[in-house]
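Right, one structure below, let's go through it.
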């Protein structure tokens with residue numbers, strides 16, 4: 001069949017549209033920036049890195065789309081994350097502010113709040129009203145984690161710290177065996193009794209399965225603090241990334257997509 005001038009014109013138009021589309025897609029992909037995202041890797045009961053919770057992954061995916069970046073997730077222990085971030089080797093997810101960190105990093109708007117709770121064996125429970133009630137006690141913490149400037153200033157003075165890897169099971173075993181008096185844990189929930197029930201339900205099953213005596217735990221009624229959680233990058237490496245992330249957070253909260261932020265009582 002002969003190609004008439006009109007058909008040739010249509011063919012040229014289709015080919016041109018295809019070329020424009022490919023150029024557009026290629027340009028779009030080229031514009032999407034790769035960002036190394038440093039994410040903590042808490043260990044599960046088997047000692048393996050726990051997966052990122054689905055609600056947090058959904059939030060990260062949304063922010064990446066809105067900020068026109070692709071997050072290349074890298075998971076490390078918290079101390080390694082802080083070292084890499086200080087060297088300017090990535091964007092941190094899940095970091096809280098301190099006076100020292102604010103001198104080095106640019107922080108995003110808060111994404112959500114973590115409640116920082118104190119957990120004891122039930123037979124060693126004590127009333128906690130403020131930091132002075134930790135006097136003379138050994139307090140279990142995650143190595144490299146921050147629990148407020150006041151806490152950091154008093155550790156090694158008012159109380160001792162027992163630093164561990166971010167494995168909930170290993171840390172609770174130390175509490176069971178009285179290698180620490182009280183343990184610090186972070187949880188998005190604001191209800192101490194609900195957390196206490198969840199902890200005891202999980203560890204009752206675990207200890208029974210291991211053939212060990214069941215030990216009950218108490219979550220002290222007042223949180224150590226309520227900690228705002230952010231993205232952060234070394235200040236001299238921020239070329240506008242934090243501004244884009246902030247815009248995505250604001251938009252996501254308005255649309256109900258970034259919804260991990262919880263009612264807060266303020267830092268303690």
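The values are calculated or read from the model by the stated rules, or taken from the named source; none is laboratory data. Since the structure is predicted, the reported quantities are computational estimates derived from the model, not experimental observations. Cβ sites come from the backbone with ideal geometry, for glycine too, and all protein chains shown count toward neighbours.
Has segment 167-186 got at least one residue that is in contact with a strand residue (DSSP E or B) (Cβ under 9 Å, 6 or more places away or on another chain), under 28 Å from residue 252 (Cα atoms) and buried (at least 16 other Cβ atoms within 10 Å of the Cβ)? Yes - at least one qualifying residue is present in segment 167-186. Looking at segment 91-104, is at least one residue outside any helix (DSSP H, G or I) and more than 25 Å from residue 234 (Cβ to Cβ)? No, that holds for no residue. Among the residues making up segment 243-258, those that are in a helix (DSSP H, G or I) and touching a residue at least 60 places away in the same chain (Cβ under 8 Å) are 244, 245, 246, 247, 248, 249, 250, 251, 252.
Scanning segment 50-83 for residues that are farther than 18 Å from residue 114 by Cα and touching a strand residue (DSSP E or B) at 6+ places or on another chain (Cβ under 6 Å) yields a total of 9.
Would you confirm whether any residue within segment 198-206 is in contact (Cβ under 8 Å) with a residue 60 or more places away in the chain and either outside any loop (DSSP other than H, G, I, E, B) or crowded, with 16+ Cβ neighbours inside 10 Å (or both)? Checking segment 198-206: at least one residue is in contact (Cβ under 8 Å) with a residue 60 or more places away in the chain and either outside any loop (DSSP other than H, G, I, E, B) or crowded, with 16+ Cβ neighbours inside 10 Å (or both). Is there a residue being surrounded by 16 or more Cβ atoms within 10 Å (Cβ to Cβ), closer than 23 Å to residue 200 by Cβ and out of contact with any strand residue (DSSP E or B) (no Cβ under 7 Å at 6 or more places or on another chain) anywhere in segment 122-139? Within segment 122-139, one or more residues are surrounded by 16 or more Cβ atoms within 10 Å (Cβ to Cβ), closer than 23 Å to residue 200 by Cβ and out of contact with any strand residue (DSSP E or B) (no Cβ under 7 Å at 6 or more places or on another chain).
Counting just the residues of segment 86-115 that are touching a helix residue (DSSP H, G or I) at 6+ places or on another chain (Cβ under 8 Å) and on the phi > 0 side of the Ramachandran plot, which one comes out surrounded by the fewest Cβ atoms within 10 Å (Cβ to Cβ)? Here the residue is 88. Kindly establish whether residue 97 is modelled with pLDDT of 80 or more and in contact with a strand residue (DSSP E or B) (Cβ under 8 Å, 6 or more places away or on another chain). Considered against the rule, which asks whether it is modelled with pLDDT of 80 or more and in contact with a strand residue (DSSP E or B) (Cβ under 8 Å, 6 or more places away or on another chain), residue 97 comes out as yes. Of all the residues in segment 183-198, those that are under 22 Å from residue 143 (Cβ atoms) and in contact with a helix residue (DSSP H, G or I) (Cβ under 8 Å, 6 or more places away or on another chain) number 3.
Which of the residues spanning segment 134-145 are within 28 Å of the chain's Cα centre (by Cα) and more than 19 Å from residue 42 (Cβ to Cβ)?
Initially, segment 134-145 is screened for residues within 28 Å of the chain's Cα centre (by Cα), giving 134, 137-145.
Selection gives 134, 137, 138.
Of all the residues in segment 140-166, those that are surrounded by fewer than 17 Cβ atoms within 10 Å (Cβ to Cβ) and within 15 Å of residue 78 (Cβ to Cβ) number 5.
For segment 230-239, the criterion of being in contact with a strand residue (DSSP E or B) (Cβ under 6 Å, 6 or more places away or on another chain), assigned to a helix (DSSP H, G or I), assigned by TED's automatic domain parsing to the domain that holds residue 89 and farther than 29 Å from residue 129 by Cβ is met by at least one residue. Being at negative phi and crowded, with 20+ Cβ neighbours inside 10 Å is the requirement here; does residue 83 meet it? When the stated conditions are applied, residue 83 does not pass them.
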